[in-house]
Amino acid sequence: MSVLWTANKNLKPFEVSMMELGLIKKIQNFHRSFTQYDITPLRSLSNLAAQLGVGGIYIKDESYRFGLNSFKALGSTYALSQCMKDKPGKYTFYATTDGNHGRAVAWAAAQIGQKSVIYMPKGSPQIKLDNIRREGAEAHLTDMNYDDTIRHIAELASQIENTVMVQDTAWDGYEDIPTWIMQGYGVMALEACEQLQEQNIKPTHMVIQAGVGAFAGAAQGLVANFYGAENSPTTFVVEPKAADCHYRSALAGEIVKVGGDMATIMAGLACGEPNKLSWDILKNLSSYFISMDDYLAARAMRVLGAPLPGDPRVISGESGASGMGFLLELLINMQDLRKKANIGQDSHILLFSTEGDTDPENYRRIVWDGAYGSDN
């Protein structure tokens, strides 16, 4: 099966205090202090929606964010500013990344005259390493997976004076910075809700992808607060099968970790340990947890890159297209789940393309050459 899914039987609607709307609006005002800030487009794929029998499909296009081709700087800029708020001085910021987060940390550090050191897990593309270095960071490839690389830099950072680790995952004793990053991510979801509101549209469903889950938790919490938890969209949390720690956690009813190489084209989602802050949100508010094959994300990249006549083109990377990959499969081939989730002609579905073609060579292999087709 190309998709595994489980329904959340323990939905407990509540207000997510860390994503309080007034606070997220203040953070948006902070982002406006950057000349590069602008609200990213919300693309309406109306012709695709009509063909698939739903009222609307709307995708937030983060390839325009801060000129960095990814949403990640929304979190890193706010987190770094908070780190230095009470203790100004010279710092070195450490981070682990598959590419987008590290580039965002490097860029944010450079904006405020600070240093950054970035480590990437094995298998990371050279172009992403090069992009990080272009932002002024010291950057290294490791021979470890993502989660082990985080543990490695946590140990390094603890031994060096005036060094701060900046990650969007959380564990006991490391919660402030992940909270600030998630709150920064919340601005993207706030923008989307306000853009839909301007069109008098309320989403009935939402698809959000999860790596460590920081973006997913931020989006879920913000949207629940915006519409009220009882009236929040039905949410699908999507992961690659090689790194489906949230899906497995939902099955078990507690956090489950995934180890190994976690080889997937959705490199930004190749994380095996849920952020405990975001998991507390998702386990209560998200309706379905999804584990999916890589080829579905690849198909979505092609659909978004060559849309139906009249629909806008969206250049979406492997992780960014994952939500659309699942949605296409759901609407075309998963009629039982479609019915269970009450998706029909009046449904309006919100998605987030969290990155553009951050690995252009691989993007062309998929979109031009058909890599990761269903028969591969």
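A short reminder: the numbers here are calculations on the coordinates, not readings from a lab. Quick caveat, the model's predicted, so the values are computed rather than measured. Heads up, the Cβs are rebuilt from the backbone with ideal geometry, glycines too, and the neighbour counts pull from every protein chain shown.
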| request: Convert each backbone phi in the stretch 124-132 into a coupling constant with the Karplus relation 6.51 cos²θ - 1.76 cosθ + 1.60 (shift: θ = phi - 60°), then list the ³J(HN,Hα) values in order as whole Hz, x for Gly and Pro. | output: 5, x, 4, 5, 6, 4, 5, 5, 5
| request: Calculate how large, on average over all directions, the projected area of the Cα convex hull of the stretch 73-174 is; give the answer in nm² to one decimal. | output: 6.0 nm²
| note | Between the modelled labels at Thr142 and Ala252 (7 Å from Cα along Cα→Cβ) the distance in nm is 2.1 nm
| said: If you take every DSSP beta bridge fully contained in the chain, what fraction is antiparallel? Give it as a percent rounded to 5. | reply: 25 percent
| field | Inter-label distance for Ser17 and Gln199, nm, one decimal - labels placed 7 Å from Cα along Cα-to-Cβ | value | 3.6 nm
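Please report the orientation-averaged projected area of the stretch 262-348, defined via the convex hull of its C-alpha atoms, in nm².
On the way: hull surface 28.2 nm².
That works out to 7.1 nm².
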| said: Nearest 10 degrees is fine. How inclined is helix 73-85 to the longest principal axis of the chain, computing both from alpha carbons? | reply: 30 degrees
| request: Determine the gain in length on full extension of the stretch Ile332-His152; use 0.36 nm per residue of separation and subtract their C-alpha separation, reporting nm with one decimal. | output: 60.5 nm
| task | Sum -39500 (n - 2.57) across every DSSP H segment of at least 4 residues in the chain, then divide by the residue count to get the 222 nm mean residue ellipticity, nearest 500. | result | -13000 deg cm²/dmol
| query | Hey, with R₀ at 30 Å, roughly what FRET efficiency would Arg134 and Glu230 work out to, going by the Cβ-Cβ distance, to 0.05? | reply | 0.05
| message | Normalised by the empirical 2.2 N^0.38 Å for globular proteins, what value does the Cα Rg of the chain take? | response | 0.91
| note | Output ordering of 36-46, 199-209 (per-residue mean of other Cβ within 10 Å, highest first) is 199-209, 36-46
| request: With everything on Cα atoms, drop me the angle between helix 146-158 and the longest principal axis of the chain, reported from 0 to 90° to the nearest 10. | output: 30 degrees
| task | Just tell me which lysines come within less than 25 Å, Cα to Cα, of Lys9; anything on the same chain fewer than 8 places away is out. | result | Lys202, Lys241, Lys257, Lys276, Lys283, Lys339, Lys340
